[in-house]
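A.B. asks: Below you'll find the structure I mean.
Every number in this text was worked out from the coordinates using simple rules, so none of it is lab data. Keep in mind the model is a prediction, meaning the values are calculated, not measured. Note that we place each Cβ from the backbone using ideal geometry, even for glycine, and neighbour counts take in every protein chain shown.
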Amino acid sequence: MVNRVLGAALVAAALAFSGTAGQAADYRIDSGHSFVQFKISHVGVSWMIGTFEEISGSFTFDSDAGPEAQSISVEIETASVDTNHAERDKHLRSADFLNVDEFPTATFVSTGYEGDAEGGTMTGDLTLHGVTREIAIAVSKVGEGKDPWGGYRAGFEGSVSLTRKDFGMGYNLGPAAETMKLFLFIEGVRQ
């Protein structure tokens, strides 16, 4: 789960770097319209899907400045994990997985981007379960424009595969569940 959260955070960061605003702009992540999801094999026959309900952060992008001008920072509250099963969520919050008492947040902070305004690869440091590792997230821009309330928004999506043991989560779920896929769907409001 921790890998999923971090992966998700990384995806969000990658997505933010791929925006095209036409000018340098800072965006606040709209937590009501942004999602970090994960999927992992369930005993090799199906998928277990989950979401982190509480995410926050910000990003900057400038379509005219090039990749080096883009950045993102995402924070996920690990206790907000939700797999639609209360007992499983309780186990995921325990020391066997996310250990939310000791590691209440997972973060992703971008360090670089390669690509253009429509998509590419975002790199950054994902900190999950007290372990920081560089990851690379495939990202693409979903869209940008004025919203009905007088603001300006930009949205991105991304994904990354993570190995749980890389982040100190080695609880045995069987060989099919050693890796997980994280999906990020990030929408920001220009400040």
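A.B. asks: Could you sort 134-147, 158-171 so that the peptide with the highest average Cβ count within 10 Å comes first and the rest follow in order? Kindly include the intermediate steps, with their values, before the conclusion.
C.D. replies: Numbers: 134-147: 17.4, 158-171: 19.1.
Descending mean neighbour count gives 158-171, 134-147.
A.B. asks: Just how large is the dipole of the chain about the Cα centre, in debye to the nearest 20, putting +1 at every Lys and Arg Cβ and -1 at every Asp and Glu Cβ? Intermediate results must be reported in sequence, preceding the final value.
C.D. replies: Numbers: 14 positive and 26 negative charges, 93 e Å.
The dipole magnitude comes to about 440 debye.
A.B. asks: Scan around Asp147 for amide H atoms under 5 Å from its own, H built in the peptide plane at 1.01 Å from N, and keep only partners 5 or more places away or cross-chain.
C.D. replies: Tyr152, Arg153
A.B. asks: Provide the gained length on full extension for the span Glu68 to Trp47, in nm with one decimal, where the gain is 0.36 nm per separating residue minus the Cα-Cα distance.
C.D. replies: Working: separation 21, 0.36 × 21 = 7.56 nm, distance 3.71 nm.
Gain in length upon complete extension: 3.9 nm.
A.B. asks: Ok, one more. Using Cα pairs closer than 8 Å and at least 6 residues apart in sequence, work out the relative contact order for the chain, in percent.
C.D. replies: Values: 596 pairs, mean separation 64.1, N = 191.
Answer for the chain is 34 percent.
A.B. asks: Can I ask one more? Between 0 and 90 degrees, rounded to the nearest ten: what's the tilt of helix 2-17 against the longest Cα principal axis of the chain?
C.D. replies: 10
A.B. asks: Taking a ≥ b ≥ c as the square roots of the eigenvalues of the Cα gyration tensor of the chain, is the shape rounded (a/c under 1.5), prolate (a/b larger than b/c) or oblate?
C.D. replies: The shape class here is prolate.
A.B. asks: Cross-chain or 8 or more residues apart, Cα under 29 Å: how many lysine pairs in the chain fit that? Count them up, please.
C.D. replies: Numbers: Lys39/Lys90; Lys39/Lys141; Lys39/Lys165; Lys39/Lys181; Lys90/Lys165; Lys90/Lys181; Lys141/Lys181; Lys165/Lys181.
Qualifying lysine pairs in the chain: 8.
A.B. asks: With label points built 7 Å along Cα→Cβ from the Cα atoms of Thr132 and Ala177, find their separation and express it in nm.
C.D. replies: Rounded to a tenth, the inter-label distance reads 3.0 nm.
A.B. asks: In nm, to one decimal, how far is the Ser94 label point from the Ser161 one, both placed 7 Å along Cα→Cβ?
C.D. replies: 2.9
A.B. asks: Whole-Hz Karplus ³J(HN,Hα) for the range 145-155, in order, using 6.51 cos²θ - 1.76 cosθ + 1.60 and θ = phi - 60°, x for Gly and Pro?
C.D. replies: Per residue, the Karplus-derived 3J(HN,Hα) values read x, 6, 9, x, 9, x, x, 10, 10, 9, x Hz.
A.B. asks: Moving on to the next point. Express in whole angstrom the spacing between the alpha-carbon centres of the range 36-97 and the range 116-169.
C.D. replies: Distance between centres, Cα-based: 10 Å.
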